Amino acid sequence: MTSSREPASSREPAFGTDPALAPEPAAESATATDPRPSLAVWKFASCDGCQLTLLDCEDELLGLTERVRIDHFIEMTPAEGAGGRRARLTGLGPYDLSLVEGSITTAEDAERIQHVRRISRHLVTIGACATAGGIQALRNFADVDDFVAAVYAQPEYIATLETSTPISAHVPVDFELRGCPIDRRQLLEVITAYLAGRKPRIPGHSVCFECKRRGTTCITVAHGTPCLGPVTHAGCGAICPAYGRGCYGCFGPASKPNLRSMVAQLRHDGMSERDVVRVFRTFNAASPEYAPVPELAAEERHESRTVTETRQEGPA
């Protein structure tokens, strides 16, 4: 989702109820004369896997630093910018490009993402947590207090929201990069595109396209293996089908997924109604594209029952 906003440098400084999270005034440093655009990487509720994907770029990351100044990345360095200030959760800003990993699960994070948006010229969400709530969004379909009581010895000390929501539910997002974790090649393309002032060239087609490109026989056609490949966004390289395992949708929904046909196929391949709902919710529970799945699975159950009853009542 894109929208026109005022330049990041003119945005209001961050605010916060906790003084420890408030940003310090920007100081004169080498960044004032450094012509490279600035990059910030942020973490919310997540496992850090998508941030590690950026660190795993290794040689490419070294070349990238010649084009971009990494000013805020707590996973990589405790320092903020070239001045060497202690990095804080809020960061000093402003930044030309912010990469955001993780979903919003606490009131403090709901406030902090507003600050991140204000000091970021472009904001890109990376990974299933940031784009679709992540695995932790499974709480959205139950009572979060039950989960807290089951996990923590003293749940009264835990402050959390009832839901886990993607970043786009709180602030405007310029681009969403899917995956759990994201693909390093796609990440480099996104960063390069923003440095070049163009739209990222990330295809919207499904995993099936990648299976065909690498010469993998369709495991659903050949073996009747349930697979979410037809409705899952490409980017993983179709790793699971290449090793005989059905795609389980970690890269989220492809462009305009045909869910009705997909649900019918999964039921035909032996999945129960409950399993169909579960497999769609595993990584992208808060994805709006997958919201119709429970209703479609229930319809498919009713239709299957009707067909069976009709056959039983028919002539021998």
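The values are calculated or read from the model by the stated rules, or taken from the named source; none is laboratory data. Because the structure is predicted, anything quoted here is derived from the model rather than measured. When we count neighbours, we look across all protein chains shown, and the Cβ atoms used for this are built from the backbone with ideal geometry, even at glycine. Each accessible area value is taken on the protein alone, full model and side chains, heavy atoms only, with ligands, DNA and RNA left out. Shrake-Rupley method; radii C 1.70, N 1.55, O 1.52, S 1.80 Å.
Some values worked out for this structure:
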quantity: Near pairs, Cβ below 9 angstrom, 6+ apart or cross-chain, from segment 192-204 (over 21 Å from Cys57 (Cα atoms)) to any residue that is open to solvent by 40 Å² or more (accessible area, probe 1.4 Å) and not in a helix (DSSP H, G or I); calculated: Gly204/Ser255; Gly204/Lys256
quantity: Residue tally, condition open to solvent by 40 Å² or more (accessible area, probe 1.4 Å), within 21 Å of Ala110 (Cα to Cα) and charged (D, E, K, R), over segment 146-177; calculated: 3
quantity: Members of segment 181-194 found to be outside any helix (DSSP H, G or I) and either β-branched (Val, Ile, Thr) or open to solvent by 50 Å² or more (accessible area, probe 1.4 Å) (or both), listed by number; calculated: Pro181, Ile182
